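The values are calculated or read from the model by the stated rules, or taken from the named source; none is laboratory data. Just so it is clear, the model here is predicted, and its values are computed rather than measured. Glycine also receives a Cβ, built like all others from the backbone with ideal geometry; neighbour counts cover every protein chain displayed.
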Amino acid sequence: MNLNHGPSPLRRACVLLALLLGWACAVAHADDLDQVRQWQAAGQLDRALNGVDALIRQRPNDPQYRLTQALILQQQHHDGQAIDVLEQLVLRFPELPEPHNNLAVLYAARGDTARALDQLQMALRTNPDYATARANLGDLYLQLAEQAYRRAADSAGDAAARSHALARLRALRGLEPSPGPAASADTRER
């Protein structure tokens, strides 16, 4: 008759050792990424990129490594490569808001506001409380409003309409109080 009262002391020791090794590896990876981020913050971008590339070779499925890689590439003004990395990240990890947000920033910098808007909305769908994406969405809407008011000022047929559009633009930038909504052509004094 085999009375098994749980794992043997040897089995418990092996399980404990495996857990400790797993924890030690996780701490080592976190330390390595911290070192890469320190190099990045210090402006040692080539060193940081080499470091994160080595981490990616060790753990190719870690999204934090790829995100860090994209940020370093962006700092090096390799926006096309950063976009490629981030596009792959959003395909593999659509539930992570950070890659969507960072991709939106790069798209907006290229003037691709439609794709930027889409990515910011994706970031907020994955995490509605993501303050950075909310702020970036506000900035993008402000940029779009500014473009619309500039076009309105440029195409306004009369001086009053042009003046109103320019005042709205200055108000958007925080330079002066808002003049209120524009009057429609039917209600404007003649």
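Being outside any loop (DSSP other than H, G, I, E, B) and under 24 Å from Val36 (Cβ atoms), is that true of even one residue in the range 120-131? Yes: one or more hits.
Residue-wise test of (1) under 13 Å from the mean Cα position of the chain (by Cα); (2) surrounded by fewer than 20 Cβ atoms within 10 Å (Cβ to Cβ).
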site	(1), (2)
Ala48	no, no
Leu55	no, no
Gln58	no, yes
Val85	yes, no
Asn102	yes, no
Arg110	no, yes
Ala114	no, yes
Thr126	yes, yes
Ala135	yes, yes
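With respect to the stated conditions, Gln119 fails to be in contact with a Gly (Cβ under 9 Å, 6 or more places away or on another chain), of a type outside the set (Phe, Trp, Tyr) and surrounded by 14 or more Cβ atoms within 10 Å (Cβ to Cβ). Consider Leu166 carefully, then state whether it is within 30 Å of Leu96 (Cα to Cα), modelled with pLDDT of 70 or more, in a helix (DSSP H, G or I) and in contact with a Phe, Trp or Tyr (Cβ under 8 Å, 6 or more places away or on another chain). No, not satisfied. Kindly indicate whether Ala82 is assigned to a helix (DSSP H, G or I), in contact with a His (Cβ under 8 Å, 6 or more places away or on another chain) and under 20 Å from Arg66 (Cβ atoms). So Ala82 does not fit the description; no.
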